[in-house]
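Just below is one structure, and these are the notes that go with it.
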């Protein structure tokens, strides 16, 4: 009877997993706009990339394609395909959905490659789906996590049988991972390196035994070399990219917050008790799994040498010691923390969980995942009015013009001087939506100022050096350097979108120079019904 009940539970588990996974699409598809920080920038830059390929003269005046083999190509390629068949907003939802479904499924693929029957541990990855990086819109990194699981899982499944077709597939996956994100590629390299060293050490121990076979050791070394050679294209590209970047490492001024981030904010989108508590439960769930492994009667004698535990701990150490910004990229530490949590899940497969413990872990992970889904549904719905009011500024804008956006609000764009309710900034790059819809040149496009995205500013028309604020004793002084932009570059600013002016006044920020410039060179052409967004049009437009 017990065996029959276990068989039924085993058959129902994948069904339940599929249902809960499908529910993770609800926050994406029940709102018109899926609010993230960088999502609109990805949409806009892909639209500009396609426009540049078509030879648009206005786009070519301000932007140029950047076809170097750097990371971060994944979202551009995906968006380019989706934008040809669906709207920009729907294309973004398709990309997000690929990640939302891909992370748990690819994790199950890795887990079953580690140990037959360990796929149920994929439930532990469900609470990680709506993490801080999804709220930030870091789509390349998120897709890189999916491909990383596929790369490691593929190696686990086929490492003992490296046929030419399998090696070619592995090489293609590893190179694809590089073009998704460099940090995910590095994490996969660390995991594969640790797994390979462990496998070779085991063979060497067997060879040293009285009945050991040197031929078996040679075969294992040949396999290891073949698999590692498949990583070589990605490694060469990664080294070339890192060496081409400039800038010194940047360490966080609040180091203790960086260390504590993983314990309270890995999935929190708001600074509210329910979001923070739900986020704290994620590492608590991992702690419960670790406790079970440590005290289990079936735990291996040297469980602390498990390859995936060593990998997770390695990433955790790097999370603490590495700078926050390196090789032109930022938010390095939190990325490593998320990867450490994810790669700790296969470690739990080193112990066969009892039926009762398995049901408890599945129930706890499933309930926590559904709680986070509900919190994200509520959050996304609550942000729709804000996003729609912001985007209403585009209604009267003429196409083939230029746009600058200035966001001064406490919430939505990170301009506040104190922590607010939101831990995300859905309006930081929301002008990218307007520019995409109205075919405008977005001069607030920060991605185009960087060297590792497919669209870059033409150097002579780069507006980023002309956008500045000055910290003062009692607040910030918003000093627009943009009046000199036209004189220095020959570029033109046709529209200025201003959001949250009242918030700046309440904070004590000095906007005198900003408003003097707007009143002198522009005229107010639109104010939203709630007064939070204003559009200024160039006087000779």
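FYI, it's all coordinate maths here, none of it is from the lab. Keep in mind that what you see is a predicted model, and the values were worked out from it rather than measured. All Cβ positions, glycine included, derive from the backbone under ideal geometry; neighbour counts span all protein chains shown.
Here are some notes:
- The long axis of helix 214-230 is offset from the longest Cα principal axis of the chain by roughly 10 degrees.
- Across the stretch 391-541, C-alpha contacts under 8 Å between residues 6 or more apart give a mean separation that, scaled by the residue count, equals a relative contact order of 26 percent.
- Cα shape, the stretch 55-94, gyration tensor, a/c 1.5 rule: oblate
- Per-residue [θ]222 nm for the chain (sum of -39500 (n - 2.57) over DSSP H runs n ≥ 4, rounded to 500): -19000 deg cm²/dmol
- Nearest-ten-degree value, helix 332-344 long axis tilted from longest Cα axis of the chain: 30
- Gyration tensor verdict on the stretch 143-244 (Cα atoms; rounded if a/c is under 1.5, prolate if a/b is larger than b/c, oblate otherwise): prolate
- Computed from the Cβ-Cβ distance with R0 of 41 Å, the FRET efficiency linking residue 295 to residue 226 stands at 0.55.
- With a simple spin-label model that places each label point 7 Å from the Cα along the Cα-to-Cβ direction, the separation between residue 487 and residue 245 comes to 3.7 nm.
- Gained length - residue 53 relative to residue 540, 0.36 nm times residue gap less alpha-carbon distance: 172.2 nm
- Spacing of the modelled spin labels on residue 12 and residue 32, each 7 Å from Cα toward Cβ, amounts to 4.2 nm.
- Cα gyration tensor shape of the stretch 384-538, rounded if a/c is under 1.5, else prolate or oblate by comparing a/b with b/c: rounded
- Each residue, residue 168 and residue 200, gets one label point 7 Å from its Cα in the Cβ direction; the gap between the two is 2.7 nm.
- Against the main long axis of the alpha-carbon atoms of the chain, helix 39-53 sits at an angle near 80°.
- Protection proxy ranking for 126-139, 157-170, 223-236, using the average of other Cβ atoms within 10 Å per residue and placing the highest first: 126-139, 223-236, 157-170.
- What separates the Cα centres of the stretch 159-185 and the stretch 44-69 is a distance of 30 Å.
- Percent of C-alpha pairs per 20 Å bin, the chain, short to long: 20, 51, 24, 5, 0
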